[in-house]
Amino acid sequence: MRVAVLSDIHANLEALRAVLSDLGKGADTILNLGDLVGYNASPNECVDLVRDVGMHSIAGNHDQAACNPRLAAGFNIYAHRAVLWTREVLYGENTRFLASLSENSRFDFGLACHGTPESTTSYLGLHFQARALLKKMKNGSLGRGNVCLFGHTHKRKVWRMDVRGKVAPEEIPENGTIELLPEEFYLINPGSVGQPRSGDPRSSYLIFDTRENTVSFRLVEYDLAPTIGKIIAAGLPEFFAQRLVDGV
Ligand code: ZN
């Protein structure tokens, strides 16, 4: 099965459309790792499109905060402003859709979550965090499978635990494709569709071929001008526009 994995769309309709057009019919199913809304200015359009396409979606911290602003108390001041704006403009039906999403999902290959399997707000960025989660996967306490897909950091990443139990980040090659070994364990982040932070403004996603055991990272260019125009027109912080240009 070919699974397209998208994360952190963040109300960026132009980026989402560009990724879906790049993907074409190249996947049997599409998985959205959360944060459909927040930061950018097309929350309803993005939720509508994700629902139309029939993506398997899980909840991100911005999705949860848009339904319950008390959860945004720990957000930075800009992100907080975006949550309140998003809550204001979201149609009731779309708010209910976001509220219905679960925090993680299990599959034959392993599991999918936004931040970590236990939390939509925790960042999985450091070696000791990756090691702790990979150990849980290896000892079976998180169910079957050897892959955990995660998002939230907006950065493409692969952590690998080999048969000795050694954990290291895996370099993503120029062609974007990494071969997975059935005896190893992996944490894999596709990067962000709507607000990439790897220093490259292109939208990032990946295709996980569960039969071939490969993961192919893809970068997609899109026209930033309409996205930026909508951010400014909505009165959202200009900083959100600048970070799209810089890819940070
Ligand atoms: Zn996010």
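The values are calculated or read from the model by the stated rules, or taken from the named source; none is laboratory data. Since the structure is predicted, the reported quantities are computational estimates derived from the model, not experimental observations. Glycine gets a Cβ as well: all are built from the backbone with ideal geometry, and neighbour counts include every protein chain shown. SASA here: full protein model, heavy atoms, side chains in, ligands and nucleic acids out. Shrake-Rupley method; radii C 1.70, N 1.55, O 1.52, S 1.80 Å.
Taking residue 236 as the residue in question, decide whether it is in contact (Cβ under 8 Å) with a residue 24 or more places away in the chain and either within 21 Å of residue 32 (Cβ to Cβ) or assigned to a helix (DSSP H, G or I) (or both).
No, not satisfied.
Quick one: how many residues across the range 44-58 are aliphatic (A, V, I, L, M), within 13 Å of the ligand (Cβ to nearest atom) and in contact with a helix residue (DSSP H, G or I) (Cβ under 7 Å, 6 or more places away or on another chain)? Step through it out loud before you land on a result.
Of the residues in the range 44-58, the ones aliphatic (A, V, I, L, M) are 47, 49-50, 53, 55, 58.
Then keep just the ones that are within 13 Å of the ligand (Cβ to nearest atom); that gives 58.
This time we only want the ones that are in contact with a helix residue (DSSP H, G or I) (Cβ under 7 Å, 6 or more places away or on another chain), so: none.
Going through the range 44-58 one residue at a time, the tally reaches 0.
Could you list all residues from the range 120-138 that are within 16 Å of residue 162 (Cα to Cα), open to solvent by 50 Å² or more (accessible area, probe 1.4 Å) and aliphatic (A, V, I, L, M)?
132
Considering only the range 67-89, I want to know if a residue exists there that is among the polar types (S, T, N, Q), within 24 Å of residue 189 (Cα to Cα) and open to solvent by 10 Å² or more (accessible area, probe 1.4 Å). Working first, answer last.
Going through the range 67-89, the residues among the polar types (S, T, N, Q) turn out to be 68, 76, 86.
If we keep only those that are within 24 Å of residue 189 (Cα to Cα) too, we end up with 76.
Adding the requirement that they be open to solvent by 10 Å² or more (accessible area, probe 1.4 Å) leaves 76.
Yes, some residue in the range 67-89 is among the polar types (S, T, N, Q), within 24 Å of residue 189 (Cα to Cα) and open to solvent by 10 Å² or more (accessible area, probe 1.4 Å).
Residue-wise test of (1) crowded, with 16+ Cβ neighbours inside 10 Å; (2) assigned to a helix (DSSP H, G or I); (3) at pLDDT below 95; (4) not polar (S, T, N, Q).
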residue	(1), (2), (3), (4)
163	no, no, no, yes
171	no, no, yes, yes
187	yes, no, no, yes
216	yes, no, no, no
222	yes, no, no, yes
226	no, yes, no, yes
231	yes, yes, no, yes
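Check every one of the helices (runs of 4 or more DSSP H) wholly within the range 38-112 and list those with 1 or more residues that are among the aromatic types (Phe, Trp, Tyr) and touching a residue at least 24 places away in the same chain (Cβ under 8 Å).
Numbers: elements: 43-53, 61-67, 77-89, 92-99.
The helices (runs of 4 or more DSSP H) meeting that bar are 77-89, 92-99.
I'm checking my understanding of the structure. Among residues of the range 139-158 that are open to solvent by less than 70 Å² (accessible area, probe 1.4 Å) and more than 16 Å from the ligand (Cβ to nearest atom), which one is farthest from residue 204 (Cα to Cα)?
Once the filter is applied, the top-ranked residue is 140.
Check residue 32 against each of (1) polar (S, T, N, Q); (2) in contact with a His (Cβ under 9 Å, 6 or more places away or on another chain); (3) more than 16 Å from the ligand (Cβ to nearest atom) and name the one condition it does not meet.
Here residue 32 meets the rest and fails (3).
Six or more apart or on different chains, Cβ atoms under 6 Å: show the pairs whose first residue is in the range 125-149 and in contact (Cβ under 8 Å) with a residue 24 or more places away in the chain and whose second is among the hydroxyl-bearing types (Ser, Thr, Tyr).
Filtered contacts from the range 125-149: 125/153; 147/186.
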